[in-house]
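Read the structure below first, then the notes.
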Amino acid sequence: MLVKWNPFQELERTMGWWNTQPFRRPQWDDAQESETSWVPPVNVYEDKEHLFIEAQLPGIDMQDVKISVTDHTLQLHGERKEECTENQGSYHFREARYGTFARSFRLPDYVNPDQAKARYEKGVLTIQVPKREETKPKSIEIAVKG
């Protein structure tokens, strides 16, 4: 599932909310919230050899995350489980989100998803997808006779 983000609309909504109702959570788009409980932030970047997809998943066990690739679309599904303690007190506001999440990314044709690798370290899931050999930059030395 791809989620469209409009930073200006979010900023306007947040600033208007903050000026009138401190310690209350803003009301996010109900349509977006009904599809998923929360959306982890993701960075996508590349170097000469690989494409990287980096998802921020603090506090999540990797056994609660599923990574799959179908038709050149990488999909992340998982769940952040809420840890309950008996004496939590009452919250003034709560920004931590819990529940299921889903993210999808269309992979470019120049990568080979069959050889993708993933690692999870300090709450960050990094998926490394190698580029196809034929698309990697090549150097050709030319001898110049003078």
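The values are calculated or read from the model by the stated rules, or taken from the named source; none is laboratory data. Just so you know, these numbers come straight off a predicted model, no measurement behind them. With ideal geometry, Cβ positions are generated from the backbone for all residues, glycine too; neighbour counts draw on all protein chains shown. Areas reflect the complete protein model, heavy atoms only, side chains present, ligands, DNA and RNA absent. Shrake-Rupley method; radii C 1.70, N 1.55, O 1.52, S 1.80 Å.
For the stretch 107-133, which positions are surrounded by fewer than 10 Cβ atoms within 10 Å (Cβ to Cβ) and on the phi < 0 side of the Ramachandran plot?
Step one: list which residues in the stretch 107-133 are surrounded by fewer than 10 Cβ atoms within 10 Å (Cβ to Cβ), which gives 109, 114, 121-122, 133.
Scanning the stretch 107-133 gives Asp109, Asp114, Glu121, Glu133.
With the requirement that a residue be of a type outside the set (Asp, Glu) and over 26 Å from Asp61 (Cβ atoms), what does the stretch 106-125 give you?
Arg106, Pro108, Tyr110, Val111, Asn112
Which number in (1) at pLDDT below 75; (2) outside any loop (DSSP other than H, G, I, E, B) marks the one condition that Gly78 misses?
(1)
So Lys48 fits all but one of (1) free of Cβ contacts under 8 Å to residues at least 60 places away in the same chain; (2) part of a loop (DSSP other than H, G, I, E, B); what number is the exception?
Here Lys48 meets the rest and fails (1).
From Gly78, Gly99, grab the single residue that is touching an Asp or Glu at 6+ places or on another chain (Cβ under 7 Å) and either crowded, with 16+ Cβ neighbours inside 10 Å or farther than 23 Å from Ile127 by Cα (or both).
Gly78
I'd like to check something: does the stretch 15-28 contain any residue that is open to solvent by 70 Å² or more (accessible area, probe 1.4 Å), more than 25 Å from Lys131 (Cα to Cα) and at pLDDT 65 or above?
Checked the stretch 15-28: no residue is open to solvent by 70 Å² or more (accessible area, probe 1.4 Å), more than 25 Å from Lys131 (Cα to Cα) and at pLDDT 65 or above.
Inside the stretch 81-110, can you point out the residues that are in a strand (DSSP E or B) and among the β-branched types (Val, Ile, Thr)?
Hit for the stretch 81-110 is Thr100, nothing else.
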